[in-house]
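One structure below.
The values are calculated or read from the model by the stated rules, or taken from the named source; none is laboratory data. Since this is a predicted model, take the numbers as computed values, not measurements. Methodologically, a virtual Cβ is constructed for each residue, glycine included, from the backbone with ideal geometry; neighbour enumeration extends over all protein chains shown. Accessible surface areas use protein heavy atoms only, side chains included; no ligands, DNA or RNA. Shrake-Rupley method; radii C 1.70, N 1.55, O 1.52, S 1.80 Å.
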Amino acid sequence: MRWRVLTAVLIIGMIVTGGLYCRSRIGEICEQMEDLLRQPPDSAALDDALQLWEDSLPLLSTLLHHQRLDEVGQNLARSAGALRAGDFGQCAAQIDSILYMLEDIREYDHIHWKTLF
């Protein structure tokens, strides 16, 4: 009987620890993206942001809705295209939209006791 209780406590601890790790990792990715996007718009910063986003998609796609992830990726591509075309207003609008979505991702992914079990 003792090993069953110990196993249950261990499993619950692993779930909570894994959830907290995933939440912190998502927060780190969003902060890195925001730091890159809050710089003055240039092609190198947007390319770095796009590369970070592409590298982070395997983790994010297991935890978040794909529609939200696709929207961020599309807006990153649009902002890079607008910057290359010289349309700085459109680029700034797309970046503002991305920043809003990143904040939404960070706030949406809160861990509650109800969602753990």
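A few notes on this one:
- Rounded percent of accessible protein surface that carbon and sulfur make up, the range 1-66, 1.4 Å probe: 64 percent
- In degrees, nearest ten, helix 43-63 long axis to first principal axis of the chain (Cα): 30 degrees
- The relative contact order of the range 25-92, computed from alpha carbon pairs under 8 Å that lie at least 6 residues apart in sequence, is 30 percent.
- Rounded tilt (10° steps) of 2-37 against the dominant C-alpha axis of the chain: 10 degrees
- Between the beta carbons of Leu20 and Gln51, assuming R0 = 35 Å, the FRET efficiency works out to 0.85 to the nearest 0.05.
- Each peptide among 3-11, 91-99, 60-68 gets the average number of other Cβ atoms lying within 10 Å of its residues, and from highest to lowest they stand as 91-99, 60-68, 3-11.
- Ellipsoid semi-axes for the chain, based on the Cα gyration tensor and the rule √(5λ), read 37, 12, 10 Å when sorted largest first.
- Dipole in debye (nearest 20) - the chain, about Cα centre, beta carbon charges: Lys, Arg +1; Asp, Glu -1: 860 debye
- The stretch between Asp87 and Gln39, if pulled fully straight at 0.36 nm per residue, gains 15.6 nm over its current Cα-Cα span.
- 222 nm mean residue ellipticity, helices alone, for the chain (DSSP H n ≥ 4; -39,500 (n - 2.57); rounded to 500): -30000 deg cm²/dmol
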